[in-house]
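A short worksheet on the structure shown next.
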Amino acid sequence: MSGEYDTGSGAISVERRSPEAVFGLLGDESRLRILQALGETPDEPVPFAELHRRSEVADSGRFNYHLGKLRGTFVRRTDDGYELTYAGRQVIGAMYAGVYTANATVDAIPVEEGCPACGGDLVAEYAAETARVDCTACDAFRNDFAFPPGSLDQFDRTELPLAFDRWMNHVIGGVIDGFCYTCAGRMSGRLVVDEPDGKMGGLPAHAEFECDRCGSTATTSGAAPMMHHPAVAGFLYDHGFESGRTPTWELGEVGLPRGELLAESPPRMAVRLEHGDERVTATLEADASVSSVERTSA
Ligand SMILES: [Zn+2]
Ligand SMILES: [Zn+2]
């Protein structure tokens, strides 16, 4: 399969292979050893003889044959030797992430700070490849999201709540920028108006994102697109909250976002943060994008 797209001044040409053909290539131990050998130094091309030695495939004819099979898909040849392609790196990344192998759980870890909405106790947990950071006392602070099992042992138990929170912010940031967290395809967003008794984070609407290609979805608070806007990040920073670094549960010190619908169908929503007499207000459109941000002080 292949495709050419006319972009006006030039073409983007993409050659596509079937998943069966591509993944079929990985069903061989020697080939996986070659990929792992390249993954030992992911940013340096490896000369042929060195790659042969590292991958420990005894017979040089067999080594040559399997390397040839990987070329063009998972491995590329350069003037300085062989290196992983993007897809080859993804295979190595998946091995580390434990996507295909790990089965992990983490017992509930109390979070030192309280819920930003009600002051109740927060706990972090992990099971079925899903991380959770929830308030035990109210429904306003609930977060669950996929977290790679292979990353759990990169952190001490006490570091995990913050690691979960950062990962969630990292993934949501990518989603809001329009990239799917599963396949890097394009994501489209929409605002969804909630019933009065089902408000997420106390806002009248939440945001949903869906990948146009693989169908992965993400649901976020209606405040998330606003929180990732640079003007809002600046407001937060001026009041001691570093977006993506300060844990989400410390947002209460700035003040929780409040919002109101500007229109029902298609939905538009205004979301604001206040600190003292300063205020920042963002307008969210039906596609969950931020169309304007206004910062005022009395
Ligand atoms: Zn709470
Ligand atoms: Zn996708």
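The values are calculated or read from the model by the stated rules, or taken from the named source; none is laboratory data. Given the structure is predicted, the values throughout are model-derived calculations rather than measurements. Backbone-built Cβ (ideal geometry, glycine too); neighbour counts: all protein chains shown.
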When segment 176-211 is checked residue by residue, the ones that are over 14 Å from Val271 (Cβ atoms), modelled with pLDDT under 95 and more than 16 Å from ligand 2 (Cβ to nearest atom) are Glu195, Pro196, Asp197, Gly198
Kindly evaluate Glu159 against the criterion of being within 16 Å of ligand 2 (Cβ to nearest atom) and among the charged types (D, E, K, R). no
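Condition check ((1) touching a residue at least 60 places away in the same chain (Cβ under 8 Å); (2) away from ligand 1 (no atom under 16 Å from the Cβ)) across all residues:
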residue	(1), (2)
Ala128	no, yes
Asp134	no, no
Ala137	no, no
Asp144	no, no
Ser151	no, yes
Leu160	no, yes
Arg166	yes, yes
Val171	no, yes
Phe179	no, yes
Of the residues Ala94, Ala127, only one is at pLDDT below 95, surrounded by 14 or more Cβ atoms within 10 Å (Cβ to Cβ) and under 27 Å from Gln154 (Cα atoms); which? Ala94
Which numbered condition Val232 fails, given (1) away from ligand 2 (no atom under 14 Å from the Cβ); (2) assigned to a strand (DSSP E or B): (2)
Going by what's in this entry, would Glu56 be described as at negative phi and at pLDDT 90 or above? no
